[in-house]
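Structure first, commentary second.
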Ligand SMILES: [Zn+2]
């Protein structure tokens with residue numbers, strides 16, 4: 001699945017880019033610059049799931065949920081919702 005180069009969520013447009021990220025970091029979302037960066041090393045399904053994970057970060061940032069959760073809680077929610085939507089998309093394609 002080809003990922004979009006930009007996406008509008010909750011009324012805000014974010015650029016989606018591939019970038020060289022710190023070792024072990026697959027994705028990164030920056031609210032100020034409105035950028036979702038995915039590691040240039042990611043491909044296929046892993047890139048898609050990371051993209052979904054980062055979109056959940058966008059949703060949490062834009063709704064303020066980001067302010068009330070600890071870092072490990074944010075990552076758990078992002079993983080959970082990303083896996084859920086990944087499965088839904090996969091099921092639709094079957
Ligand atoms: Zn994350």
* To do: For a label point 7 Å from the Cα of residue 75 along Cα→C-beta, name the residues of segment 12-35 whose backbone N is under 19 Å from it.
  => 21-31
* Asked: How large is Rg/Rh for the chain, to two decimals, with Cα atoms and a Kirkwood Rh?
  -> 0.95
* To do: Could you calculate the contour length gain from residue 15 to residue 90, that is, 0.36 nm times the residue separation minus the distance between their Cα atoms, to one decimal place in nm?
  => 24.6 nm
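Values in this text are rule-based calculations from the coordinates and carry no lab data. Because the structure is predicted, anything quoted here is derived from the model rather than measured. As a convention, Cβ positions derive from the backbone with ideal geometry for all residues, glycine included, and neighbour counts pool all protein chains shown.
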